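S.K.: Take this structure, written in structure tokens, and hold onto it; I'll ask about it next.
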Amino acid sequence: MSQSKPEIEPDPPKRFRDFFVLTSGGVAVLALLLVTGAIGLVEWMTAAVVMTAGALAFYVGSAPAAQKIRTAEVLDPPQSKTTEGEDTAIESFIAALPLPALLVSPAGQLSSVNRHARRLFRLDETATSVPAALLRQPDLLAAIERVSADGANERVEFTQHGDAEVWMAHVRPGPESGSVLSVFEDLTAVRRAEKARADFLANASHELRTPLTAIGGFIETMRGPAKDDKDAWDGFLDIMAQQTERMKRLVADLLSLSRIEFSEHRAPSTEIELVDLARATSSGLIPIAEDAGIKLHFDAPDHLIRAIADDDEIAQVIQNLASNAIKYARRGGEVQILVGSAPTMADAATACSRQSVDAKRSLLLQPYAASGAPALWVRVTDDGEGISEEHLPRLGERFYRVDESRGGKIEGTGLGLAIVKHIMARHRGGLAVESLEGHGTAFGVWMPRLKDDASA
Ligand code: ADP
């Protein structure tokens, strides 16, 4: 197959201009030297002839060279409008980005990929073609093609690694015409938080609407069918009062939760003494325990246990765990509140467990503090029905109630343990539950304490 020769356009105007500039410039310099008397007339004439001959030789000799350069350009046109220096700068820029980023050339090849993008799309070091992982994202590929063609900016959201991660691709025109720069933003945590917030709002509204609907229903009944049945009114008013109490508890728990969540990322800064605080909190629960026919037993060492903590929050932890234990204990049974100190967080975690071989245990909150830090612990046990194993890991989720599946006999909001979990997280502590069905439940919390020779 014959290949047609490229048309070579000579460049006479340019070479003639070079010849003219060289000659006239040289003659002018020589004239100046003649006028100032630096050279004589004979030298001037000799130099002018030599210089014109040289310029003429350059003019004639440069033609083939110019032709050669232009031939090479036509046969092998430059591939890129960016220079080598620019390419290196773009690569360094992409490598330095803290987000996954990649540059696709106008021909659709990967011209630069940083290590974050390699990890995101599971690319090996040598990959230059558009990777299979990208090919599995048709929306992203289509956006890259559109941006390459029309130069507009696009954004594409896609899931990666089996929907476990959500990413936003910001697709922009690259430095070279037709090239495309894509930078990827991880939206997984944002989307997860949005879902948690939406679920929480839905749950909270549902929980608040239930007592309101009941109260509204009784008002309608008292105005309508039971208008003249004054004997029935006392019963209705009792239920309405109960539902109002339930709403008040719910609103109080929701407010506590939001206050604790707000302060969760600020470490506590005041010093507390656990033994006195726990004793005072359990004394406050004696009337509730007596009403329920439960014996409340408190036990603590006779030395001080000091910690940097929020005393209201630690009191709330003990109160929530103990009032649950009172609620769920056997009628006529016993609830124990035990506090203590341990040389390390790991020892405190062990002290918190009942160490019953048959009991099922679940760690509801992994402590953030170092396992070797000196620690304090609080353990609350009851002799109630216990909790079956499948429920244990979900305790501490907002609105999660085991009792719902037991027929909802016992009143509660499903927020008490969530509050405990958030408070312990703020104190870099742990939360665990241990339960043996038919025998009872033990909840344990532990957190770092101040080093104290008396209690170490
Ligand atoms: P509630 O207000 O419903 O008690 P919590 O968050 O305090 O909410 O507890 C969540 C669920 O955990 C309760 O509904 C209950 O089913 C279960 N639970 C908590 N403590 C105990 C316990 N000591 N014994 C048995 N079940 C418990």
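The values are calculated or read from the model by the stated rules, or taken from the named source; none is laboratory data. These numbers were taken from a predicted model, which means no experiment stands behind them. Reconstructed Cβ throughout: ideal geometry from the backbone, glycine too, with neighbour counts over all protein chains shown. When the accessible area is computed, the model is the full protein with side chains, heavy atoms only, and any ligands, DNA or RNA have been set aside. Shrake-Rupley method; radii C 1.70, N 1.55, O 1.52, S 1.80 Å.
S.K.: So which residues in the range 240-281 are within 16 Å of the ligand (Cβ to nearest atom), closer than 18 Å to Ile423 by Cα and open to solvent by 90 Å² or more (accessible area, probe 1.4 Å)?
M.R.: Leu255, the sole residue that qualifies.
S.K.: Same structure again: Can you tell which of Asp310, Asp347, Asp291 is among the charged types (D, E, K, R) and open to solvent by less than 50 Å² (accessible area, probe 1.4 Å)?
M.R.: Selected residue: Asp310, the only one of Asp310, Asp347, Asp291 that is among the charged types (D, E, K, R) and open to solvent by less than 50 Å² (accessible area, probe 1.4 Å).
S.K.: Sticking with this one: Restricting the range 273-297 to residues that are touching a residue at least 40 places away in the same chain (Cβ under 8 Å) and part of a strand (DSSP E or B), which is farthest from Val380 (Cα to Cα)?
M.R.: Filtering first and then ranking leaves Lys295.
S.K.: Evaluate the range 380-398: report whether one residue or more is of a type in the set (Lys, Arg) and within 28 Å of the chain's Cα centre (by Cα).
M.R.: Checked against the condition, which is being of a type in the set (Lys, Arg) and within 28 Å of the chain's Cα centre (by Cα), the range 380-398 yields at least one hit.
S.K.: Could you grab me the full set of residues in the range 384-393 that are more than 9 Å from the ligand (Cβ to nearest atom) and either surrounded by 20 or more Cβ atoms within 10 Å (Cβ to Cβ) or not in a loop (DSSP other than H, G, I, E, B) (or both)?
M.R.: Within the range 384-393, Glu389, Glu390, Leu392, Pro393 qualify.
S.K.: Give the range 314-339 a look and list any residue that's of a type in the set (Val, Ile, Thr) and within 9 Å of the ligand (Cβ to nearest atom), or say none.
M.R.: Ile326, Val335
S.K.: Considering only residues that are surrounded by fewer than 19 Cβ atoms within 10 Å (Cβ to Cβ) and outside any loop (DSSP other than H, G, I, E, B), look in the range 403-420 and name the one that is modelled with the highest pLDDT.
M.R.: Asp403
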